[in-house]
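The structure appears below as structure tokens.
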Amino acid sequence: MSWSESTYQEESLAAHLLERLSQNPKVALFYLALLPQFMNAHDPNPLKHLIALGVIGNMVGIATSITYVFLAARMTSALRRNQAISYWLTKTMGALFVGLGLKLATEKI
């Protein structure tokens, strides 16, 4: 890869990141507000540690999300095996949606 290709890729990445941040800056603002609290003010390389803390936070979030997915899949398969629970869950959700529809229909615009 030549220098110009590398520079082009870096500029493209920076433009993509700036575009994503302009659409939803809440996550970046959260990390910028939270992570500096866990850093040493006299650190010679704060950017490296800031990025490491961000990566650790994201890895914990990914692990938590994967755990929720596996637990939800197990619960779903257990509920589908039991016909009585499935029957009452379907009836309850139907009643809930009918109730929400009636509430929506009676509200003023």
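The values are calculated or read from the model by the stated rules, or taken from the named source; none is laboratory data. Quick caveat: nothing in here was measured; it's all calculated off a predicted structure. Backbone-built Cβ (ideal geometry, glycine too); neighbour counts: all protein chains shown.
A search for C-beta distances below 8 Å between a residue of region 18-43 that is part of a helix (DSSP H, G or I) and any residue that is of a type in the set (G, A, S), counting only pairs 6+ apart in sequence or on different chains, returns L21/A28; Y31/G54; Y31/G57; L35/G54; L35/G57. With respect to V27, is the statement that it is modelled with pLDDT under 85 and not polar (S, T, N, Q) true? Criteria met by V27.
Scanning region 73-94 for residues that are under 22 Å from the mean Cα position of the chain (by Cα) and among the basic types (K, R) returns a single hit, R74. Here the condition is being farther than 30 Å from L34 by Cα and either under 26 Å from the mean Cα position of the chain (by Cα) or assigned to a helix (DSSP H, G or I) (or both); of F70, F97, it holds for F97 alone.
The condition (being modelled with pLDDT of 90 or more and surrounded by 10 or more Cβ atoms within 10 Å (Cβ to Cβ)) is satisfied by just one residue among M39, M93: M93.
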